[in-house]
Amino acid sequence: MSMLTLLGTGTCQLEYERRASSVLLELDTTCILFDCGHGVVQRLLEAGVRHYQIEHIVLSHFHPDHVSDLVPFLQAGAWSQRDPRSTDVHLYGPPGVRQLVDGLIQLYGERSLRQPTYAIQVHEITEGCYTVASHQFEAASLPPAGNHGLRFTWHDKTYALTGDSYFHEQEIAFLKDVDLAVIDSGHISDAQIVDLAVSTQARTIVCSHLYRELHAAHLQAEARQRGYQGTLLIGHDLMSFVL
Ligand SMILES: [Zn+2]
């Protein structure tokens with residue numbers, strides 16, 4: 001079964017209920033992480049996936065709340081006595097991802113985050129299509145953080161994950177008519193969330209990256225009144241969708 005699971009729906013804020021940013025994609029037998037913010041490797045366990053089963057991590061951008069659990073993730077691969085990594089791990093991200101990974105390895109030391117028995121393969125992605133484990137993904141620039149949203153099609157449905165994004169034309173184009181969108185609702189206002197729903201008509205919009213409490217019924221009513229046909233949901237950690 002293929003699933004999309006929100007591992008972390010929070011931000012840099014330290015909160016009981018929400019870890020930082022991450023979405024787990026299970027596409028047939030391939031497990032892919034989109035972002036890896038703080039607390040997320042623990043959530044991965046709760047979702048029933050061992051760290052070594054993740055062979056692909058796509059990073060939207062390099063703010064700590066999207067990348068900081070790369071350190072425990074890579075260290076577990078290299079040094080776990082219970083379940084060390086034996087396969088390569090592929091890291092994808094906007095230009096600069098190689099510098100990030102090299103920087104972490106330099107900071108912690110060559111052997112802290114990897115072993116010679118497998119490789120960390122880094123893929124710098126400019127905008128457009130790229131392949132992750134034989135799946136076609138698309139990267140779209142969503143300013144202002146040098147951020148790449150991720151979009152893909154699976155069984156004739158389209159999915160879009162924004163990472164960090166302000167409200168602008170690029171975001172509207174990115175979410176237009178998708179079946180399921182996971183959006184950064186922390187950097188935009190309630191009115192902009194409603195605008196996004198109305199102007200994109202995305203079938204289901206899940207509000208994530210939450211800096212503040214949102215009121216689903218209120219947002220939904222407002223959007224409905226302005227002609228939105230779909231559903232607005234407030235995300236929570238470990239919320240999942242069958243794809
Ligand atoms: Zn963020």
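Values quoted throughout were computed directly from the atomic coordinates according to the rules given, and no laboratory measurement underlies them. Fair warning: this is a prediction, and the values are worked out from it, not measured in the lab. All Cβ positions, glycine included, derive from the backbone under ideal geometry; neighbour counts span all protein chains shown.
How do the pairs read when you match residues in segment 9-30 that are closer than 18 Å to His66 by Cα with residues anywhere that are among the acidic types (Asp, Glu) and within 11 Å of the ligand (Cβ to nearest atom), using Cβ under 7 Å and keeping only pairs 6 or more apart or on different chains?
Thr11/Asp65; Cys12/Asp65; Ala20/Asp65; Ser21/Asp35; Ser21/Asp65; Ser22/Asp35; Val23/Asp35
Return the residues of segment 158-208 that are closer than 20 Å to Ile32 by Cα and among the small types (Gly, Ala, Ser); say none if nothing qualifies.
Correct list: Ala160, Gly163, Ala181, Ser208.
Six or more apart or on different chains, Cβ atoms under 6 Å: show the pairs whose first residue is in segment 153-170 and within 16 Å of the ligand (Cβ to nearest atom) and whose second is of a type in the set (A, V, I, L, M).
Leu161/Val23; Leu161/Leu150; Leu161/Val182; Thr162/Leu142; Thr162/Ile183; Asp164/Ala145; Ser165/Leu142; Phe167/Ile188
Across segment 1-26, what is the number of residues that are away from the ligand (no atom under 16 Å from the Cβ) and within 18 Å of Val206 (Cβ to Cβ)?
Of the residues in segment 1-26, 8 are away from the ligand (no atom under 16 Å from the Cβ) and within 18 Å of Val206 (Cβ to Cβ).
Let me confirm something: among Asp102, Asp83, Asp69, which residue is within 16 Å of the ligand (Cβ to nearest atom) and of a type in the set (D, E, K, R)?
Selected residue: Asp69, the only one of Asp102, Asp83, Asp69 that is within 16 Å of the ligand (Cβ to nearest atom) and of a type in the set (D, E, K, R).
Pick from Val89, Val58, Val132, Val49: which is of a type in the set (Val, Ile, Thr), within 16 Å of the ligand (Cβ to nearest atom) and either out of contact with any helix residue (DSSP H, G or I) (no Cβ under 6 Å at 6 or more places or on another chain) or free of Cβ contacts under 8 Å to residues at least 40 places away in the same chain (or both)?
Sole residue among the options that is of a type in the set (Val, Ile, Thr), within 16 Å of the ligand (Cβ to nearest atom) and either out of contact with any helix residue (DSSP H, G or I) (no Cβ under 6 Å at 6 or more places or on another chain) or free of Cβ contacts under 8 Å to residues at least 40 places away in the same chain (or both): Val58.
Could you tell me which of the residues Phe137, Phe174 is of a type in the set (Phe, Trp, Tyr) and either assigned to a helix (DSSP H, G or I) or touching a Pro at 6+ places or on another chain (Cβ under 7 Å) (or both)?
Testing whether each residue is of a type in the set (Phe, Trp, Tyr) and either assigned to a helix (DSSP H, G or I) or touching a Pro at 6+ places or on another chain (Cβ under 7 Å) (or both) leaves just Phe174.
Conditions tested, residue by residue: (1) at negative phi; (2) crowded, with 21+ Cβ neighbours inside 10 Å; (3) not hydroxyl-bearing (Ser, Thr, Tyr).
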{"residue": "Leu6", "(1), (2), (3)": "yes, yes, yes"}
{"residue": "Glu15", "(1), (2), (3)": "yes, no, yes"}
{"residue": "Ser21", "(1), (2), (3)": "yes, yes, no"}
{"residue": "Arg82", "(1), (2), (3)": "yes, no, yes"}
{"residue": "Thr87", "(1), (2), (3)": "yes, no, no"}
